[in-house]
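Chemist: Take a look at the following structure, please.
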Protein chains: 2
Amino acid sequence: MLTITSKENAQIKNAVKLKKSAKYRKATQCFVAEGVRVCADAAYSGADILSLFSTQAAADKNPDSFALLSEKAEKTYMVPPELFALLSDTQTPQGFLCVIKALDKSADFDTIKNGGKFLALDNVQDPNNLGTILRSAEAFGVDGAVMSSDCCDVYNPKVVRGSMGAVFRLPILSVNSLSDWLSARPQLNTYAAVVEPSAVPVTKISFHTPCAVVIGNEGNGIRPETAAVCRHRITIPMNGKAESLNASVAAAVLMWEMVK
Amino acid sequence: MLTITSKENAQIKNAVKLKKSAKYRKATQCFVAEGVRVCADAAYSGADILSLFSTQAAADKNPDSFALLSEKAEKTYMVPPELFALLSDTQTPQGFLCVIKALDKSADFDTIKNGGKFLALDNVQDPNNLGTILRSAEAFGVDGAVMSSDCCDVYNPKVVRGSMGAVFRLPILSVNSLSDWLSARPQLNTYAAVVEPSAVPVTKISFHTPCAVVIGNEGNGIRPETAAVCRHRITIPMNGKAESLNASVAAAVLMWEMVK
């Protein structure tokens, strides 16, 4: 166990950069996870924890989690609260942060042939939405999520935290072109979520497996080339003056209908 | 139309305080709404707009909305961008903000007798959750939302914005004691949302009208005294390691099942 007291320390600088920069995360193939629960999720899921940063107060308050994490982590650094605040992405830091090796997001799903149910995300941008969507996908028992590579980085700290650990457990695949990926899997019944009166209300749909619900960008929806390769266009019937649902709510309702 | 250039101006100070303080909003019975779309929603819903603050750039960019709002507002104030930033609750302000008279949240629902479908919120605290929940309630055609008075203030700027205008259109009732209110309405079939394996999965429920889904606090759930007066205990079946859903997602799925 090492103690760091300077914000100029290389490990601190590295963790801050991992928090802030998707480019740096990509280049180094590392990311950070913050919070007692999310760090423990990482440890239990078998992720490679390169380092643990903890405050003394957090270690004292959560002795079991601290013991688990400091055993799993290659290095453990104790830092004072004012230094931890630099690492943290939250307003009231819990005092645990791990630097973790990026998980393999290139392994294709082997569950398609078994009639799996999937989520496909086309340029979803908001990290809070993405975290919540992945959390819902796991909770509903979706078999995996395929994401276009221009979606918000799955290792954005807000996504990691908002997913409540789903990023560690849900099979996630990142692909350069979602339309190519879908085209190459014609056995997959694809249901594109759109906000159009001409689309079929999800209440009138029976999902046939293997299947995927396709969710698009918050403002612009699904890309035309992605929509073009989807078999069905579905929508959530809406009432009154409301023009749309929050993206994470819409995704949840459609996944719910797919899996229940 | 008046131009304000000092941050010491009384109108500016008033609007900033309305943004920040729930207590001040309650004392003055006013609140602020920010953004082109939300301000227009306020105008269309017939809310009393006491003042409009706008930047010149926003007025130039949205001439129709500016004309509408400055006509509806009793006073219109033009402010430079650096002053508008003080009023704003967003990182990239759109340049429109209205001070609005609080709406009447004490009128009881007259739709219970017609077999209405309602949402009851017991100490929901997070403004982003509350805004999203009200937005979903409106979109799904829920007849009204009853909220315990210790819920997050419905006029919190994050709630107003996140609701996408639903706070102006959805019948909302604030009550001191949700358990008293529910007890006094025995004709209402109440479905308390809980995270307990012993509760009935929502997939096995037929909602009987008039009915209400009851959603509790993000961390602590529904208060025992509220749960005690609910007729049914329902839950969303979950899979795997996920322990819970985001509160606004759980509320959306249950409302969806109630109304669809």
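Readers should treat all values here as calculations from the given coordinates under stated rules, not as data from a laboratory. Values in this document were obtained by computation on a predicted structure and should not be read as measured data. Counting neighbours? That spans all protein chains shown, and the Cβs are built from the backbone with ideal geometry, glycine included.
Chemist: Mind checking the log10 I(q)/I(0) for the protein assembly as shown at q = 0.07, 0.09 Å⁻¹? Debye, one equal scatterer per Cα, no solvent, two decimals.
Modeler: Scattering profile of the protein assembly as shown, log10 relative to I(0): -0.43, -0.73.
Chemist: Let me ask another. Using the 7 Å Cα-to-Cβ label point, sort the distances from B:SER149 to its equivalents in the other copies shortest first and give them in nm to one decimal.
Modeler: 5.8
Chemist: Let me know the mean shielding of A:232-239 by other chains, meaning the per-residue number of their Cβ atoms within 10 Å of its Cβ.
Modeler: Averaged over the peptide's residues, the number is 3.
Chemist: Oh, and also: ³J(HN,Hα) across the range A:218-230 via Karplus (A = 6.51, B = -1.76, C = 1.60, θ = phi - 60°), whole Hz, x for Gly/Pro?
Modeler: 4, x, 9, x, 6, 4, x, 5, 6, 4, 5, 9, 8
Chemist: With the crude spin-label approximation of a point 7 Å out along Cα→Cβ, what separation in nm comes out for B:ASP104 versus A:ALA184?
Modeler: Between B:ASP104 and A:ALA184, the label points sit 6.3 nm apart.
Chemist: Past 29 Å, Cα to Cα: identify those pairs from A:LYS7/A:LYS61; B:LYS13/B:LYS105; A:LYS20/A:LYS61; B:LYS26/B:LYS61, in the order given.
Modeler: B:LYS26/B:LYS61
Chemist: I've got another one for you. Quantify how much of the Cα-Cα distance distribution of the range B:2-101 extends past 21 Å, in percent.
Modeler: Value for the range B:2-101: 23 percent of Cα pairs lie more than 21 Å apart.
Chemist: Under a point spin-label approximation (7 Å from Cα along Cα-to-Cβ), what is the B:SER244-B:ALA10 distance to one decimal in nm?
Modeler: Simple spin-label model gives 4.6 nm for this pair.
Chemist: For chain B, what does the helix formula give at 222 nm: sum of -39500 (n - 2.57) over DSSP H segments with n ≥ 4, over the residue count, nearest 500 deg cm²/dmol?
Modeler: Computed mean residue ellipticity for chain B: -10000 deg cm²/dmol.
Chemist: Is the shape of the range B:39-184 rounded, prolate or oblate, going by the alpha carbon gyration tensor and its root eigenvalues a ≥ b ≥ c, with a/c under 1.5 for rounded and a/b larger than b/c for prolate?
Modeler: Note, shape of the range B:39-184 comes out prolate.
Chemist: Further question on the same structure: Which of rounded, prolate, oblate describes the range A:110-191, given a ≥ b ≥ c as roots of the alpha-carbon gyration tensor eigenvalues and a/c under 1.5 marking rounded, otherwise prolate only if a/b is larger than b/c?
Modeler: oblate
Chemist: Return the Rg/Rh ratio of the range B:119-260 with Cα-based radii and a Kirkwood Rh.
Modeler: 0.93
Chemist: Let me ask another. What list of ³J(HN,Hα) values in whole Hz, one per residue of the range A:61-75 in order, does the Karplus curve 6.51 cos²θ - 1.76 cosθ + 1.60 (θ = phi - 60°) give from phi, with Gly and Pro shown as x?
Modeler: Along the range A:61-75, the couplings run 6, 10, x, 5, 5, 5, 5, 4, 5, 6, 6, 6, 6, 5, 9 Hz.
Chemist: Shifting gears a bit: Return the tail of the calculated pair distribution for chain A, meaning the percent of Cα-Cα pairs more than 22 Å apart.
Modeler: Summing the P(r) tail past 22 Å for chain A gives 56 percent.
Chemist: Amide H of B:MET147 versus every other amide H placed in the peptide plane: which residues, excluding those fewer than 5 positions away on the same chain, fall under 5 Å?
Modeler: B:LEU121, B:LEU173, B:SER174, B:VAL175
Chemist: I would also like to ask the following. With θ set to phi - 60° and the Karplus curve 6.51 cos²θ - 1.76 cosθ + 1.60, what are the ³J(HN,Hα) couplings of the range B:159-172 in order, to the nearest whole Hz, using x for Gly and Pro?
Modeler: 5, 4, 5, x, 6, 6, x, 4, 4, 8, 10, 6, x, 10
Chemist: Label position 7 Å from Cα toward Cβ: report the copy-to-copy distances for B:PRO81 in nm, one decimal, ordered from shortest.
Modeler: Its label point is 3.8 nm from the equivalent points in the other copies.
Chemist: Let me ask another. Once the label point is set 7 Å along the Cα-to-beta-carbon vector, what list of distances in nm do you get between B:LYS23 and its counterparts in the other copies?
Modeler: Label point to label point, same position, other copies: 4.6 nm.
Chemist: Which value does Rg/Rh take for the range B:156-230 over its C-alpha atoms, Rh per Kirkwood?
Modeler: For the range B:156-230, the value is 1.00.
Chemist: A further question on this structure: Compute the length gained on full extension between A:GLU218 and A:THR111: take 0.36 nm times their separation in residues and subtract their Cα-Cα distance, giving the result in nm to one decimal.
Modeler: Once the chain is fully extended between A:GLU218 and A:THR111, it gains 35.7 nm.
Chemist: So, one more: 7 Å from Cα along Cα→Cβ at both B:ASP48 and B:ALA67: what's the point-to-point distance in nm?
Modeler: In this crude label model, B:ASP48 to B:ALA67 measures out at 2.8 nm.
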